[in-house]
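Only one structure is covered here, and it is reproduced in the block below.
The values are calculated or read from the model by the stated rules, or taken from the named source; none is laboratory data. Quantities reported herein were computed from a predicted structural model and do not represent experimental measurements. Backbone-built Cβ (ideal geometry, glycine too); neighbour counts: all protein chains shown.
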Amino acid sequence: MLRFKGGDREAFNELVRRNVNKVHALIYRFLGDGDLVEDLTQEVFLRIFRTAPRYEPAAKFSTWLYRIVANLSFNVLRDRKKSRRVQLETHGDQDESFYRDVPDEHAPPPQRDLAEAELADCVARAISELPENQKIAIVLNKYEHKNYEEIAALLNCSTMAVKSLLSRARGNLRESLGRYLKTD
């Protein structure tokens, strides 16, 4: 990154080559949507390209990269949460306007098993409702298999703070998903 910041354009190509698979995987873990992976991956590297003149290596490059991916992914999750349906304005024969609801293309297909779909939706909703740092910590720990030290570097906090974040996140998830966790 420092070579690219210094004007070496080939260094940027090397950054992309080394990190594109990691970025793809992380975006997919955050969003679970293969359709958005390519677009968001391009956006990640576009942001890196644009911010190169201001880049200061306060932490490892991978930590900075993960933070960009996490921020973009959570912006998408917030946007999804805000708009589950889209309204299209259409005009009738006599210049009448009316709205028609169109199903969300990101919603699970109706033929999926209802119990599985309900649980998956509840888990995703519960994770999306966590505070941002708890969300990032859970996803990095459980899905990306990052250890406490790596998460601490990403979040710019101590390992004790990460342990606390994960503990609170697990408690919040247990509370949100309580009815699914009960065994009779």
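Worth pointing out:
- For ALA25, the test of being surrounded by 13 or more Cβ atoms within 10 Å (Cβ to Cβ), at pLDDT below 90 and either under 30 Å from VAL123 (Cα atoms) or of a type outside the set (Ser, Thr, Tyr) (or both) is passed.
- Within the stretch 154-184, the set of residues being surrounded by fewer than 19 Cβ atoms within 10 Å (Cβ to Cβ) and within 19 Å of ILE68 (Cβ to Cβ) comprises ASN156, CYS157.
- Take the conditions (1) in contact (Cβ under 8 Å) with a residue 40 or more places away in the chain; (2) not hydrophobic (A, V, I, L, M, F, W, C); (3) not in a helix (DSSP H, G or I); THR63 misses just one of them, which is (3).
- Figure legend. Inter-residue proximity from the stretch 11-28: first residues in contact (Cβ under 8 Å) with a residue 60 or more places away in the chain, second residues in a helix (DSSP H, G or I), beta-carbon distance below 6 Å, spacing 6+ or different chains. Indicated pairs: LEU26/VAL69.
- Pairs where the first residue, in the stretch 159-174, is in the same structural domain as LEU130 (by TED's automatic domain parsing) and within 9 Å of GLN134 (Cα to Cα) and the second is not in a helix (DSSP H, G or I) and not small (Gly, Ala, Ser), C-beta under 6 Å, 6+ apart: ALA169/LEU130
- Criterion violated by ALA117 - all others in (1) surrounded by 14 or more Cβ atoms within 10 Å (Cβ to Cβ); (2) at pLDDT 70 or above satisfied: (2)
Residues checked against (1) at pLDDT 70 or above; (2) polar (S, T, N, Q); (3) within 30 Å of PHE12 (Cβ to Cβ); (4) in a helix (DSSP H, G or I):
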site	(1), (2), (3), (4)
ALA52	yes, no, yes, yes
ARG78	yes, no, yes, yes
ARG100	no, no, no, no
ARG112	no, no, no, no
ILE127	yes, no, no, yes
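- Here the helices (runs of 4 or more DSSP H) wholly within the stretch 133-184 that include at least 3 residues being closer than 22 Å to LEU119 by Cα are 159-176, 178-181.
- Restricting attention to the stretch 32-50, the residues that are surrounded by fewer than 18 Cβ atoms within 10 Å (Cβ to Cβ) and over 20 Å from ARG9 (Cα atoms) total 7.
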